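Right, one structure below, let's go through it.
The values are calculated or read from the model by the stated rules, or taken from the named source; none is laboratory data. Computed from a predicted structure; not experimentally measured. Cβ coordinates were reconstructed from backbone atoms using ideal geometry, including for glycine residues, and neighbour counts include every protein chain displayed. Each accessible area value is taken on the protein alone, full model and side chains, heavy atoms only, with ligands, DNA and RNA left out. Shrake-Rupley method; radii C 1.70, N 1.55, O 1.52, S 1.80 Å.
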Amino acid sequence: MFRQNKYFFPALIVLLIAVLLCAIAFGAVRILPAEMFSSMQHFFSGQGPADIHEGVFLQLRLPRVLLCAITGAILAVSGVLMQGLFRNPIVEPGLVGTSAGAAFGASVVFVLGANLSPELKSYTGPLLVPIFAFGGGLLATYVVYSLAKNLSRVSIITLLLIGIAINAVGLSGTGFMSYIARDPQARSITFWNLGTFSGASWLQVLIVGTTAVIVFILSFRYAKQLNALLLGEEEANYIGVDTPKLKKRIMILNTVMVSVATAFVGVITFVGLIVPHVLRLFIGSDNKKLLPASMIAGAILLTLADMGARLLLAPAEIPIGIITSLVGAPIFIVLLKRANILQHKEG
Amino acid sequence: MLKTENIQYAVDNKKILQGISTSFKEGLFHVIVGPNGCGKSTFLKVFSGELKPQEGTVKYDEENVLAIPKNNLAKKRAVMSQQPELQFPLIVSEVVMMGRYPHFDFRPDKIDEDICAETMKIADVNHLADRDYLTLSGGEKQRVHFARVLAQIWNDDSINKFLFLDEAVSHLDLKHQHQLLQTSKSLYNKNVTVIAVLHDLNLAYAYGDRILFMKEGRILHDTSDMQQIDTNIIKEVFEVNVTVFNLTDTKRPVIVF
């Protein structure tokens with residue numbers, strides 16, 4: 001099992017590039033490879049885009065595809081971190097309250113935005129929703145973590161249960177906001193809760209991308225310790241891991257990356273659950289391989305999903321969360337079933 | 001030298017360890033026996049620095065175990081627990097490599113690979129190296145963990161090292177029980193002091209250099225002379241009537257029920 005295929009990573013990278021190119025090429029406006037090339041040429045020589053195709057490529061398609069790929073990578077890596085931390089393969093990134101908190105934060109802006117002070121709005125500009133979402137995500141996770149902390153140590157099970165409870169609180173808060181909202185506001189909340197990349201901009205790519213690079217470098221450094229944690233906290237201590245410190249750091253990394261990603265694109269479920277799971281079937285749970293593999297595969301999967309979101313009902317756009325769940329869930333079930341059958345044959 | 005003084009440990013006012021003072025001499029194979037719930041595992045956890053006793057200190061060569069940085073501690077003592085929970089698919093060689101984690105940063109060095117190969121051979125799991133850990137039998141899993149803890153303290157024989165085994169042979173067949181204990185006993189030439197919790201008294205007699213009988217959080221008897229262990233001691237500790245035979249050739253007793 002898991003015979004390390006030396007072509008696995010190269011294949012994954014080639015696939016990622018192919019998917020990225022396809023996602024850039026296809027859309028309401030078809031963009032040819034020659035146009036991508038000439039557009040880049042014009043950009044780097046300081047000229048404006050030569051025609052509408054080049055403009056679409058540079059201002060709309062490219063940032064959208066990049067934001068999507070980076071978000072996918074973040075969600076998948078976060079899934080690996082959370083599943084490793086909780087030593088439970090059915091955990092997903094939002095479990096500790098981050099996405100429910102972010103959703104509530106965003107819904108507050110959608111519904112009560114008109115009452116907020118104009119100075120605040122002019123100061124934050126288009127970042128108002130992301131800032132509230134980010135704050136909501138951080139706050140919810142912090143509450144979960146502090147409540148789960150009794151005396152000197154944080155028990156994983158308590159963390160999980162309190163996470164579920166705070167998630168419920170966040171959801172009901174969002175529900176209440178939709179209830180008191182007017183129709184268009186409620187619609188914004190619904191859209192946000194299903195995720196969308198339609199508002200992607202270079203500023204977002206920059207913020208999310210920088211966060212991703214920093215967080216990935218830091219979390220890959222914990223790969224070894226996360227492996228040790230798979231044996232249980234006690235065993236991890238015995239092989240020299242400072243588990244309380246590790247848990248805290250992983251929680252912080254996860255909160256930052258999920259809050260940032262969610263802040264711009266809304267709640268996207270299932271990617272963080274399915275990607276690590278599927279990859280484990282192929283390469284096992286060694287985090288030294290699973291983390292980088294999930295990063296690439298998460299980017300591929302979410303980029304594909306966004307292509308679907310744009311193309312399936314074109315010119316209308318489907319919220320991406322609907323695609324990830326609707327397509328992801330059945331694939332997930334099929335793969336799990338197949339894995340079960342294989343294991344029974346082996347056993 | 002491993003030393004404790006007046007260790008007290010309680011959970012919710014239930015006293016689990018009640019004033020344990022003892023020391024373990026370098027290179028010997030110490031066995032702890034006693035009925036269920038007498039505090040054997042807690043004793044090991046306190047000794048290995050996992051649990052902080054309410055009173056008393058554990059000293060490794062005069063150094064308080066709780067003051068030793070975790071990574072340094074991991075290089076000088078390894079613990080094989082009763083049942084490590086590993087529910088994720090991992091290949092066996094990576095599980096064994098975890099024993100080397102305190103010794104390298106990101107990538108294992110050649111020496112780490114070599115040590116793992118050697119300890120996997122010793123624990124008789126080298127043929128399982130590429131298998132998924134989850135598909136192994138209970139005994140095979142236990143041998144994988146033995147290879148892992150051996151790898152953890154395999155090199156640097158210049159320092160005193162310690163190996164704690166908590167019912168390490170519970171799932172093993174006869175041959176592997178003896179192999180594991182023989183290997184553990186031979187670790188004195190690597191400067192390793194072994195402290196093992198065992199349930200099988202005959203195995204304890206056969207391999208132990210010294211046996212500690214625990215009951216209700218105390219050490220009731222502590223002896224290096226196996227022939228001293230008579231029917232009364234067994235009766236007092238385990239509340240079971242047995243017959244003790246002393247074999248003339250090995251000078252070690254055998255008990256029969």
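Would you mind getting me the FRET efficiency between A:Ala316 and A:Val213? Use the beta-carbon distance for r and R0 = 25 Å, nearest 0.05.
The pair A:Ala316/A:Val213 has a calculated efficiency of 0.15.
Using the Karplus equation 6.51 cos²θ - 1.76 cosθ + 1.60 (θ = phi - 60°), what ³J(HN,Hα) coupling, rounded to whole Hz, does each residue of segment A:325-330 give in order, writing x for Gly and Pro?
Each residue of segment A:325-330 in turn: 6, 5, 8, x, 4, x Hz.
Which of the trypsin sites (Lys or Arg not before Pro) across segment A:89-183 are loop residues per DSSP, with 14 or fewer other Cβ within 10 Å?
Hits after loop and neighbour filter: A:Arg182.
When only C-alpha pairs under 8 Å and at least 6 residues apart count, what is the relative contact order of chain A, in percent? Show your work: numbers first, answer last.
Details: 488 pairs, mean separation 101.0, N = 347.
About 29 percent, as a whole number.
Running a GNM on chain A with Cα contacts under 10 Å, which residue among A:Ala103, A:Ala18, A:Ala293 ends up with the highest mean-square fluctuation?
Maximum among the listed residues: A:Ala18.
Could you check which residue among A:Phe44, A:Phe197, A:Phe26 shows the biggest mean-square fluctuation in a GNM of chain A with a 10 Å Cα cutoff?
Of A:Phe44, A:Phe197, A:Phe26, the Gaussian network model singles out A:Phe44 as fluctuating most.
DSSP loop (so not H, G, I, E, B), at most 16 other Cβ within 10 Å: list which trypsin sites (Lys or Arg not before Pro) in segment A:232-330 pass both filters.
Numbers: sites: A:Lys245, A:Lys247, A:Lys248, A:Arg249, A:Arg280, A:Lys288, A:Lys289, A:Arg310; in loops: none.
In loop regions of segment A:232-330 (DSSP not H, G, I, E or B), there are no sparsely surrounded trypsin sites (Lys or Arg not before Pro).
Pull up all non-local amide H partners of B:Ile7: gap of 5 or more, or a different chain, and H-to-H distance under 5 Å with H placed in the peptide plane.
B:Gly19, B:Ile20, B:Ser21
Enumerate the calculated ³J(HN,Hα) couplings along segment A:235-243 in order (Karplus 6.51 cos²θ - 1.76 cosθ + 1.60, θ = phi - 60°), each rounded to whole Hz, writing x wherever the residue is Gly or Pro.
Once θ is set to phi - 60°, the couplings for segment A:235-243 become 4, 4, 4, 5, 9, x, 8, 7, 5 Hz.
What residues have an amide H closer than 5 Å to that of B:Leu220, excluding those fewer than 5 places away on the same chain, when H is modeled at 1.01 Å from N in the peptide plane?
The list, which skips near neighbours in sequence, is B:Phe213, B:Met214, B:Lys215.
Once the cut-off is 34 Å, how many percent of the Cα-Cα pairs in segment A:8-346 end up in the long-distance tail?
26
Whenever you get a sec, line up A:Thr141, B:Thr243 from highest to lowest accessible area (probe 1.4 Å, protein heavy atoms).
B:Thr243, A:Thr141
Which value in deg cm²/dmol, rounded to the nearest 500, describes the helix-derived mean residue ellipticity at 222 nm for chain A, given -39,500 (n - 2.57) per DSSP H run of n ≥ 4 and division by the residue count?
The helix contribution divided over chain A gives -25000 deg cm²/dmol.
Only sites in a loop by DSSP and with at most 10 other Cβ atoms within 10 Å count here; which trypsin sites (Lys or Arg not before Pro) in segment A:1-87 make the cut?
Sparse-neighbourhood loop trypsin sites (Lys or Arg not before Pro): A:Arg3, A:Lys6, A:Arg30.
Once the cut-off is 21 Å, how many percent of the Cα-Cα pairs in segment A:1-79 end up in the long-distance tail? Kindly include the intermediate steps, with their values, before the conclusion.
Values: 1290 of 3081 pairs.
Within segment A:1-79, distances greater than 21 Å cover 42 percent of Cα pairs.
Under a crude label model (7 Å from the Cα following the beta-carbon direction), how far is B:Asn202 from A:Arg221 in nanometres?
Distance between label points: 5.5 nm.
What's the longest bit of chain B with no exposed GluC sites (Glu not before Pro), using DSSP loop states and at most 11 other Cβ atoms within 10 Å as the test? Spell out each step's value before the answer.
Numbers: sites that count: B:Glu62, B:Glu239.
Between the exposed loop sites, the longest stretch runs B:63-238.
Got a sec? What order do A:Ser107, A:Ser146 fall in by accessible area at 1.4 Å, biggest, i.e. largest, first? Present the calculation step by step, with values, prior to reporting the outcome.
Details: A:Ser107 0, A:Ser146 50 Å².
Descending order: A:Ser146, A:Ser107.
What are the ³J(HN,Hα) values, in whole Hz, obtained from phi via the Karplus relation 6.51 cos²θ - 1.76 cosθ + 1.60 with θ = phi - 60°, for each residue of segment B:172-185 in sequence order, with x given for Gly and Pro?
Taking θ as phi minus 60°, the curve returns 8, 6, 3, 4, 6, 4, 5, 4, 5, 5, 4, 4, 4, 5 Hz for segment B:172-185.
One quarter of the convex hull surface, Cα atoms only: what value does that give for segment B:55-169 in nm²? Can you show the working numbers first?
Details: hull surface 32.7 nm².
Orientation-averaged projected area of the Cα hull: 8.2 nm².
At 1.4 Å probe size, what's the solvent-accessible area of A:Ser122? Round to the nearest 10 Å².
100
Taking the Cβ of B:Asn246 as the centre, find all other residues whose Cβ is under 12 Å away and add up their charges (Lys, Arg: +1; Asp, Glu: -1).
-1
Any idea how far the Cα center of segment B:68-82 sits from the one of segment A:240-275, in Å?
Computed from Cα coordinates, the inter-centre distance equals 29 Å.
Once you mark the trypsin sites (Lys or Arg not before Pro) that are in a DSSP loop and have at most 13 other Cβ atoms within 10 Å, what is the longest gap between them in chain B? Show your work: numbers first, answer last.
Details: sites that count: B:Lys25, B:Lys251.
The reported range is B:26-250.
Taking a threshold of 23 Å on the Cα-Cα distance, which of the pairs B:Lys40/B:Lys121; A:Lys224/B:Lys141; A:Lys6/A:Lys289 fall above it?
Going by Cα-Cα distance, B:Lys40/B:Lys121 fall outside the 23 Å limit.
With a cut-off of 8 Å between alpha carbons and a minimum separation of six or more residues, what is the relative contact order of chain B in percent?
25
Quick one: net charge of A:Met82's neighbours, Cβ under 15 Å, K/R +1, D/E -1?
+4
Between rounded, prolate and oblate, where does segment B:1-132 land on the alpha carbon gyration tensor, with a ≥ b ≥ c its root eigenvalues, rounded for a/c under 1.5, else prolate if a/b exceeds b/c?
Prolate, since a/c reaches 1.5 and a/b exceeds b/c.
Between beta-carbons, use under 13 Å as the cut-off and find the net charge around A:Ala236, counting Lys and Arg +1, Asp and Glu -1. Spell out each step's value before the answer.
Working: positive: A:Arg87, A:Lys224, A:Lys245, A:Lys247, B:Lys70, B:Arg148; negative: A:Glu233, A:Glu234, A:Glu235, A:Asp242, B:Glu50, B:Glu85.
With Lys, Arg at +1 and Asp, Glu at -1, the neighbours total 0.
Picking from A:His42, A:His277, A:His53, which is most flexible by a Gaussian network model of chain A using Cα springs under 10 Å?
In the Gaussian network model the winner is A:His42.
How would A:Ile166, A:Ile17 rank on accessible area, largest to smallest, probe 1.4 Å?
A:Ile17, A:Ile166
May I ask you to compute the full-extension gain from A:Ala11 to A:Leu203, defined as 0.36 nm times their residue separation minus their alpha-carbon distance, rounded to one decimal in nm?
66.0 nm
Using Cα pairs closer than 8 Å and at least 6 residues apart in sequence, work out the relative contact order for segment A:236-347, in percent.
25
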